[in-house]
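Each remark here refers to the structure printed beneath this line.
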Amino acid sequence: LNAKANMNSGAAIRCLDQASLAYSGASTQTIGFATSTTSGSLTINSGAIAFERNAKWHSPVVTVNGGSLIVRPSASTNTFGVGRATETSLFVNGTGRLELQSGAYTSTVRTVTFDGKLLKRGVYSAENCQFITGEGALRAVSGRPDGVTIVVR
């Protein structure tokens, strides 16, 4: 999907089966009223994709290489999956940003990788993560181990 400046479709984009969506544009494309349950990926190279109006994106890989992924307050509270059942891994690279506009809930993903480094499991927000803006938070339910466990018998 490629879009020029000031072109916002506001579409109910829904990806199923193995479909993937890659966005390169100069505007914000709003996705709402749809649940994507694809084994494909979502990739944002420039511009922005905004989830709102009960949008859900349940796929194994979401990558933000440039531009922004925006989760608005009206997006589903389980945008990337339901609690620990989520299989979505979030990859943010270079100038990519995640804008979490609502502090009312915490989005959940399986893992978070920033510039090739897997982060620890935990809760990330603008206060402790350089690629997040807004008042919301992101929970990674898996991730880099906290340390080494040595068992002596």
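List of remarks:
- Of all residues in the stretch 127-153, those satisfying the criterion of being assigned to a loop (DSSP other than H, G, I, E, B), small (Gly, Ala, Ser) and either under 18 Å from the mean Cα position of the chain (by Cα) or at pLDDT 90 or above (or both) are Gly134, Gly136, Ser142, Gly143.
- Among the numbered conditions (1) modelled with pLDDT of 90 or more; (2) more than 22 Å from Ser27 (Cβ to Cβ); (3) not in a strand (DSSP E or B), the only one that Tyr124 does not meet is (3).
- Among residues that are within 14 Å of the chain's Cα centre (by Cα) and either open to solvent by 10 Å² or more (accessible area, probe 1.4 Å) or at pLDDT 90 or above (or both), Ala22 is included.
- Residues of the stretch 63-117 satisfying the condition of being open to solvent by less than 20 Å² (accessible area, probe 1.4 Å) and assigned to a loop (DSSP other than H, G, I, E, B): Gly66, Ala75, Ser76, Thr79, Phe80, Gly81, Thr86, Thr88, Gly96, Ser102
- With respect to (1) farther than 24 Å from Asn128 by Cα; (2) surrounded by 17 or more Cβ atoms within 10 Å (Cβ to Cβ); (3) hydroxyl-bearing (Ser, Thr, Tyr), the lone exception for Thr37 is condition (2).
- Filtering the stretch 17-34 to residues that are aromatic (Phe, Trp, Tyr) and part of a loop (DSSP other than H, G, I, E, B) leaves only Phe33.
- Selection of first residues in the stretch 85-97 that are at pLDDT below 95 and of second residues that are open to solvent by 70 Å² or more (accessible area, probe 1.4 Å) and among the hydrophobic types (A, V, I, L, M, F, W, C), restricted to Cβ pairs under 8 Å at least 6 apart or on distinct chains, gives an empty result.
- Note on the stretch 116-147: residues that are acidic (Asp, Glu) and more than 16 Å from Ala75 (Cβ to Cβ) total 2.
- Of Gly67, Gly116, all but one fail to be over 22 Å from Gln29 (Cβ atoms) and among the small types (Gly, Ala, Ser); the exception is Gly116.
The values are calculated or read from the model by the stated rules, or taken from the named source; none is laboratory data. All values reported here derive from a predicted model rather than from experimental measurement. Cβ coordinates were reconstructed from backbone atoms using ideal geometry, including for glycine residues, and neighbour counts include every protein chain displayed. Ligands, DNA and RNA are excluded from the accessible area calculation, which covers all protein heavy atoms including side chains. Shrake-Rupley method; radii C 1.70, N 1.55, O 1.52, S 1.80 Å.
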